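Asks: What follows is a structure written as structure tokens; I'll ask about it next.
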Amino acid sequence: MDKKFGLLGGTLEHSFSPQIHARIADYEYKLYEKSPGKIRDFLLLGDFDGLNVTIPYKKTVIPFCETLSAAAMKIGSVNTIIKNADGTLYGDNTDYFGFLYMLRKSGVDVSGKKALILGSGGASLTVRAVLEDNGIGEIITISRTGADNYENIYRHKDAQIIVNTTPVGMYPGNGTSPVALDIFGSCEIVLDIVYNPAKTELMLVAEDRGIAAAGGLYMLTAQAKRAAELFLNIDISDAVIDSIMQEIERQTKNVVLIGMPGCGKSTVGKRLAALTGREFCDTDELIRAKAGKSIARIFDEDGEDTFRDIEQQALREVSAKSGCVIATGGGIVKREINRRFLRQNSVTVFLDRELSQLTSHGRPLSQAHGVTALYNERLPLYMAWSDKKIKSGSGVYETALAIKEVLKL
């Protein structure tokens, strides 16, 4: 009989676990989104052979486990469950291996340093155990109601390492951060176990301040590898972690097309989405839907500032998604905050087309200022915002295929 595995949690729409496990081994892996009142019956009567466990049930499941691994017992948190032949449950903690792998990949030496752990749930216990086993000097756990909390966090402004174990900033709550980093003048690195989006607001602020930052995809993939070993009772090479993580990152990041009005972002974007099996989103279409009128009418009746406000909201919504192709308006680069939306979960491609091939028909700003003037104004922004530059104009299919090949989609 085929084995049945899955992920147990509260809200799982953000999860990449099924994609990861599908690349590790050939077994069924489902998402089990359960309310607290359903946990007991599911654990005792559910049709599964093994589970991963995520927020908020890493402590909740412990009383239902007949036996615990030494790591799970020491940490007080279970994120992997195996159903024994007699139906009893064995609880383990593969998050330890996952965070240790993430920590080593970050290259930070924690010896003798001071760390802040944001959050007091099951994941924070695992992080504490890893840091202690690697020679950390001092650990402060920040919670909402404990002695060390977000109201008096300034007392620990000398922290050198900050680890976020809360869901703050996780999809769909993109753009929020559990703390402000401006008081932490000694901070060397921010580690955020959130993996969707790829870069949380906390990580983006860290990067803006010149602080190293790492997200949770390494931890997620590494712990999944270790969980799979327990599920199947086999050894799996650590080499699969990096290859799977890179593949998942390519598949889950949005591809955002920027460039001049008329360069082909929408037509190329639709073709690229079809080639790669991705959802296609067009910010101009969203703007028209939100406003209930054409873009030309928005400019004529409400002005450019109103248009930019609607455009900003549209981009904020679509950029929070994963694995989409997103075509943007030519002036998306006029507001710096839009770049922040793109940085969280996207690879940005600049479609550069010859000026002679660009038209101003139906494009208010191109008509008002001229194509050449707009191009000269925006070119530095397009170049600064983009991860890749692709020449457009050789044909829709050819351009879409070039993007697919360059990004290895």
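Asks: Just for segment 78-106: of the residues that are among the polar types (S, T, N, Q) and not in a strand (DSSP E or B), which one is farthest from Leu232 (Cα to Cα)?
Replies: Applying the filter and picking the extreme gives Ser106.
Asks: Here's another thing I want to ask about it. Filter segment 134-144 down to the residues that are assigned to a loop (DSSP other than H, G, I, E, B) and within 28 Å of the chain's Cα centre (by Cα), then identify the one that is nearest to Leu103 (Cα to Cα).
Replies: Taking the candidates together, the pick is Asn134.
Asks: Across segment 355-398, which residue is modelled with the lowest pLDDT among those that are within 19 Å of Leu409 (Cβ to Cβ) and open to solvent by less than 40 Å² (accessible area, probe 1.4 Å)?
Replies: Ser392
Asks: A further question on this structure: Condition first: touching a residue at least 60 places away in the same chain (Cβ under 8 Å) and in contact with a Gly (Cβ under 8 Å, 6 or more places away or on another chain). Now tell me which residues in segment 170-190 satisfy that.
Replies: Matches in segment 170-190: Gly175, Pro178.
Asks: Quick check on Leu204: is it open to solvent by less than 20 Å² (accessible area, probe 1.4 Å), more than 28 Å from Ala71 (Cβ to Cβ), touching a residue at least 60 places away in the same chain (Cβ under 8 Å) and not acidic (Asp, Glu)?
Replies: Answer is yes for this residue.
Asks: Additional query: If you go through segment 218-268, how many residues are charged (D, E, K, R), in contact with a strand residue (DSSP E or B) (Cβ under 9 Å, 6 or more places away or on another chain) and either surrounded by 16 or more Cβ atoms within 10 Å (Cβ to Cβ) or free of Cβ contacts under 8 Å to residues at least 60 places away in the same chain (or both)?
Replies: The number of residues fulfilling the criteria is 3.
Asks: State whether the residues of segment 55-63 include one that is farther than 24 Å from Pro18 by Cα, of a type outside the set (Gly, Ala, Ser) and outside any strand (DSSP E or B).
Replies: Yes, some residue in segment 55-63 is farther than 24 Å from Pro18 by Cα, of a type outside the set (Gly, Ala, Ser) and outside any strand (DSSP E or B).
Asks: Looking only at segment 223-281, count how many residues are under 17 Å from Ser346 (Cα atoms), among the hydrophobic types (A, V, I, L, M, F, W, C) and outside any helix (DSSP H, G or I).
Replies: Residues flagged as under 17 Å from Ser346 (Cα atoms), among the hydrophobic types (A, V, I, L, M, F, W, C) and outside any helix (DSSP H, G or I) within segment 223-281 amount to 6.
Asks: In segment 288-325, how many residues are within 30 Å of Arg250 (Cβ to Cβ), in a loop (DSSP other than H, G, I, E, B) and basic (Lys, Arg)?
Replies: 1
Asks: Check off (1) within 21 Å of the chain's Cα centre (by Cα); (2) in a loop (DSSP other than H, G, I, E, B) for Asp109 and give me the number that stays unchecked.
Replies: Failing condition for Asp109: (1).
Asks: Further question on the same structure: If we keep just the residues of segment 384-409 that are part of a helix (DSSP H, G or I) and in contact with a strand residue (DSSP E or B) (Cβ under 7 Å, 6 or more places away or on another chain), which is nearest to Val268 (Cα to Cα)?
Replies: Thr399
Asks: Pick out the one residue from Ser15, Ser69 that is modelled with pLDDT of 95 or more and open to solvent by less than 70 Å² (accessible area, probe 1.4 Å).
Replies: Ser69
Asks: I'd like the full set of residues that are in contact with a helix residue (DSSP H, G or I) (Cβ under 9 Å, 6 or more places away or on another chain), farther than 29 Å from Ala274 by Cβ and assigned to a helix (DSSP H, G or I), limited to segment 326-338.
Replies: Lys334, Ile337
Asks: For residues in segment 281-298 being touching a residue at least 24 places away in the same chain (Cβ under 8 Å) and crowded, with 17+ Cβ neighbours inside 10 Å, which is nearest to the chain's Cα centre (by Cα)?
Replies: Cys281
Asks: Given the condition among the small types (Gly, Ala, Ser), closer than 23 Å to Glu28 by Cβ and modelled with pLDDT of 95 or more, answer yes or no: does some residue in segment 208-216 qualify?
Replies: No: segment 208-216 contains no residue that is among the small types (Gly, Ala, Ser), closer than 23 Å to Glu28 by Cβ and modelled with pLDDT of 95 or more.
Asks: Sticking with this structure for a sec: Just to be sure before I move on: is Leu43 closer than 26 Å to Ser243 by Cβ and either in a strand (DSSP E or B) or over 25 Å from the mean Cα position of the chain (by Cα) (or both) in the structure I sent?
Replies: Here the answer is no, as Leu43 does not meet what is asked.
Asks: From Leu45, Leu100, Leu116, grab the single residue that is out of contact with any helix residue (DSSP H, G or I) (no Cβ under 9 Å at 6 or more places or on another chain) and either within 30 Å of Tyr150 (Cα to Cα) or open to solvent by 40 Å² or more (accessible area, probe 1.4 Å) (or both).
Replies: Leu45
The values are calculated or read from the model by the stated rules, or taken from the named source; none is laboratory data. Bear in mind that the values here come from a model prediction, so they are computed numbers and not experimental data. Neighbour counts are summed over all protein chains in view; Cβ atoms, including those assigned to glycine, are modelled from backbone coordinates with ideal geometry. For the accessible areas, the whole protein counts, side chains as well, though only heavy atoms, and no ligand, DNA or RNA atoms are used. Shrake-Rupley method; radii C 1.70, N 1.55, O 1.52, S 1.80 Å.
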